[in-house]
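Below is one structure, written out as structure tokens; comments come after it.
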Amino acid sequence: MRRRPWPTSWKKWDRDNTRLHQKYPFMTWANAWMNLPCATWAARASGPSR
């Protein structure tokens, strides 16, 4: 599994979540707000936990 960096562009977050919200309205934006800090987190990403 390849790690990918979090998108840092708000425009991309907004576009992608607006599109997802049309089909999955229940948790789309709640999940986005929970994960958005990862877009600007200063620490480097690590591997998946086992």
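The values are calculated or read from the model by the stated rules, or taken from the named source; none is laboratory data. Values in this document were obtained by computation on a predicted structure and should not be read as measured data. No Cβ is skipped: glycine too gets one built from the backbone with ideal geometry, and neighbour counts run over all protein chains shown. Quick note on the areas: whole protein, heavy atoms, side chains included, nothing else; ligands and nucleic acids left out. Shrake-Rupley method; radii C 1.70, N 1.55, O 1.52, S 1.80 Å.
Within the range 19-32, take every residue that is surrounded by fewer than 10 Cβ atoms within 10 Å (Cβ to Cβ) and in a helix (DSSP H, G or I) and give me the one that is nearest to the chain's Cα centre (by Cα).
Ala30
Restricting attention to the range 1-13, report how many residues are open to solvent by 60 Å² or more (accessible area, probe 1.4 Å) and at pLDDT 80 or above.
The number of residues fulfilling the criteria is 4.
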